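Below is one structure, written out as structure tokens; comments come after it.
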Amino acid sequence: MTVAVVAAALAVLTACGPQDTGADPKAPGTPPTTSAGPTPTATPSPLPTTAPPTTPVPTTPVRTPVPTPVPTTTAPSTPPVAPALMSVGSSSARVRELQARLGQLGFFSRTPTGYYGTVTQHAVRDFQERHGLADAAGTGSVSPTTWARLKSLTRQPTHQEMYPAPPAKAADTLDPRCLTGHAMCVSKTTRTLSWVVDGKVLASMDVRFGSQYTPTREGLFHVTFKSRDHVSTLYDTPMPYAMFFSGGEAVHYSADFAARGYAGASHGCVNVRDRAAIASLFDQVHVGDKVVVHW
């Protein structure tokens, strides 16, 4: 065997690596090897290097609705009505001045009393109507406008005009029991109380009596005790400046009499509606002084 043959045999024995995947076409059980052509490879589409221009989509701006202001309806302002300075039931020194000023113009013909009753009310109404000042309600009250107009047309009353001395009554018109000493002489006929000292009338004021169910007793009495701020324990009502003369009956100030006049009645007492007058009388009367209630 030559060297060339031995080399060839050795080459065959050593060529057994896994790199040979093909089988012998003639070996039994070995499927024939099909020679496949090259597998086609898909060619990728070239990517654009520059993005196409974008057409701007027109956008509608969002508008926030502005609320329409609702017109506010303001009611026409009504000027406040000034409170009355004086009206029916008032009792004061200013009422005396009012009456005196009305008297200067001929609207009030009586002596000033300081009490605002129906006579004063009618006088004020006449003055207001004469000068176009009548209030809508027709109450006859004195408004600031009425008072200012009246003062502009009159002068300041004197003290004597506002506090005139009461007309002296003739001695024969007084109850004889009132002619001596100190006496509160109360007449149911004239509905007045006269303060009489030694037969001379020093003061006089309107009074009111009890009803037919609680009449004021008549006769000669004497003041038993005085109580400036008295309150009735029976009726629980104030009885200022009370001067008792017969049991529970007394001469005293009555706010009800001042407000309602003779529309009401007492429970037997002698009511006075002029507070200033009864306050002055209270300071002059003493326990033991006479009280004469008569017709």
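Values quoted throughout were computed directly from the atomic coordinates according to the rules given, and no laboratory measurement underlies them. The model shown is predicted, which means the values in this text are computed figures rather than measured ones. Positions of Cβ are backbone-derived with ideal geometry, glycine not excepted, and every protein chain shown enters the neighbour counts.
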Q.
What does the extension gain come out to for A255 and S211, with contour length at 0.36 nm per residue minus their alpha carbon separation?
A. 14.1 nm
Q. What is the distance, in nm, between label points placed 7 Å from the Cα along the Cα-to-Cβ direction at R228 and at Q156?
A. 3.0 nm
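For the pair V119 and Y235, what calculated FRET efficiency results from E = 1/(1 + (r/R0)^6), where r is the Cβ-Cβ distance and R0 = 25 Å, to the nearest 0.05? Walk me through the numbers before you get to the answer.
Working: r = 30 Å, r/R0 = 1.18.
Working from the Cβ atoms, E equals 0.25.
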Q: Would you please calculate the Kirkwood hydrodynamic radius of the range 93-162 over all C-alpha pairs and express it in Å, rounded to one decimal?
A: 11.9 Å
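Tell me whether the range 151-235 comes out rounded, prolate or oblate; compute the Cα gyration tensor, take square roots of the eigenvalues as a ≥ b ≥ c, and use a/c under 1.5 as the rounded threshold.
Details: a/c = 2.05, a/b = 1.38, b/c = 1.48.
Oblate, because a/c is 1.5 or more while a/b does not exceed b/c.
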Q) Mind ordering 148-155, 269-276 by average Cβ neighbours within 10 Å, highest first? A) 269-276, 148-155
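What is the order of H182, H131, fewest Cβ neighbours within 10 Å to most?
Numbers: H182 17, H131 13.
In order of increasing Cβ crowding within 10 Å: H131, H182.
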